[in-house]
Amino acid sequence: MQRNSFYNRDIVSIKDIDKQDLERVFSYTDKLRNFTPNEKTELGRGRVLGSVFYEPSTRTRMSFEAAMASLGGSSLGISDPKSSSIEKGESLADTIRIMDLYSDIVVLRHPLDGSSRFACELSRNPVINGGSGSEEHPTQAMLDLYTIIKEKRRIDGLNIGMIGDLKYGRTVYSLLYGLSYYDVKIHLISPVSLKIRMESLYEVKNKLRIQEHTTLEDILPKLDIIYVTRIQRERFPDLQEYENVKGSYVIDIEVLKKAKSDVSIMHPMPRMDEISQSVDNTTNAIYFKQAAYGKDLRAALLALILNENIS
Ligand code: NCD
């Protein structure tokens, strides 16, 4: 059997993964979801996932750990830098080197852009970027794309609105790069001060049809998907700037009334007040499903990285 292209591979940026490989993860996710528990535990038995999280996380860390458990493996890690020697001043480099000794795959979340690329250079085992500054969050984009395929049956031809903090939200960047493999129309909706960063817009603007907006209203009736993001308070250099833009957009039942009846509302979560809880019980809300798909997709990705001869 041919060696699978994810075997032993680092996942730093969605840009390192071509469309064919992305679709390989999606089809393996489908396959794995139909495996029996015993078949799954063949894929990671005795293997260890090491998570190194310098920033808070609920879904990313827990879904990776749940995914590893479903494959028969185990997890250990740092979920709070304050409870590790990072608090004593230990460097990222030493922390990664040590985690590399105790595990078979490292998942890293760190506030600096470039942190995962740096970690790969130090680690013998594969490193997965679980969020690097406001740069990227590649596995979130993979699960976002997988969610779109499962819920909409296609990606091509969709009108996708991305709304909120497009400047600091790393999930937005990875998703945009991933969507650039498809034929979609993108509407970027944000306050002027939170517009997408210019260098990334340049990168994707030849591959995607993109329009920028400051209000949702006009474009709302055209959208098939609204990808809502949290204003990334922790990344603002000046909190006054945050105060000026917080609560800029709220998706509630009134907004849904003006949208397509089958519009899908996505969010990488955590959700603050940008999606009203009244939306949760509508069929349009797919953000909890999205989090569930995340565990399946991450299990598939871990299985592919750990096992040479599966596809
Ligand atoms: C996101 C992140 O950490 O970038 N969360 C996640 O992983 N689902 C989004 C956010 O924190 O707003």
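So, in the range 40-60, how many residues would count as being within 11 Å of the ligand (Cβ to nearest atom) and open to solvent by less than 50 Å² (accessible area, probe 1.4 Å)?
The initial filter retains those residues of the range 40-60 that are within 11 Å of the ligand (Cβ to nearest atom), namely 53, 55-60.
Subset that is open to solvent by less than 50 Å² (accessible area, probe 1.4 Å): 53, 55, 57, 60.
The qualifying residues number 4.
Please state which one of Arg117, Arg97 is in a helix (DSSP H, G or I), under 18 Å from the mean Cα position of the chain (by Cα) and surrounded by fewer than 24 Cβ atoms within 10 Å (Cβ to Cβ).
That would be Arg117, the only listed residue that is in a helix (DSSP H, G or I), under 18 Å from the mean Cα position of the chain (by Cα) and surrounded by fewer than 24 Cβ atoms within 10 Å (Cβ to Cβ).
Among the numbered conditions (1) open to solvent by 20 Å² or more (accessible area, probe 1.4 Å); (2) of a type in the set (Gly, Ala, Ser); (3) closer than 24 Å to Arg233 by Cβ, tell me where Ala69 comes up short.
Going through the list (1) open to solvent by 20 Å² or more (accessible area, probe 1.4 Å); (2) of a type in the set (Gly, Ala, Ser); (3) closer than 24 Å to Arg233 by Cβ, Ala69 breaks only (3).
Based on what the data block shows, is Arg209 open to solvent by 20 Å² or more (accessible area, probe 1.4 Å), within 16 Å of the ligand (Cβ to nearest atom) and assigned by TED's automatic domain parsing to the domain that holds Lys152?
Details: open to solvent by 20 Å² or more (accessible area, probe 1.4 Å): yes; within 16 Å of the ligand (Cβ to nearest atom): no; assigned by TED's automatic domain parsing to the domain that holds Lys152: yes.
No; evaluated as a whole, the condition is false for this residue.
Would you mind telling me which numbered condition in (1) within 16 Å of the ligand (Cβ to nearest atom); (2) loosely packed, with under 12 Cβ neighbours inside 10 Å; (3) part of a helix (DSSP H, G or I) Pro221 fails?
Single failed check for Pro221: (1).
Working only within the range 248-260, note down all residues that are in a helix (DSSP H, G or I), of a type in the set (Val, Ile, Thr) and open to solvent by 50 Å² or more (accessible area, probe 1.4 Å).
Ile253
Return the total of residues in the range 229-250 being touching a strand residue (DSSP E or B) at 6+ places or on another chain (Cβ under 7 Å) and away from the ligand (no atom under 15 Å from the Cβ).
0
Just for the range 261-284: of the residues that are closer than 18 Å to Ile148 by Cβ and within 16 Å of the ligand (Cβ to nearest atom), which one is surrounded by the fewest Cβ atoms within 10 Å (Cβ to Cβ)?
The extreme case among them is Met269.
The values are calculated or read from the model by the stated rules, or taken from the named source; none is laboratory data. Bear in mind the structure is a predicted one, so any value in this text is a computation, not a measurement. Neighbour counts run over all protein chains shown; Cβ positions are idealised from the backbone, glycine included. Side chains are part of the model used for accessible areas, which takes the heavy atoms of the whole protein and leaves out ligands, DNA and RNA. Shrake-Rupley method; radii C 1.70, N 1.55, O 1.52, S 1.80 Å.
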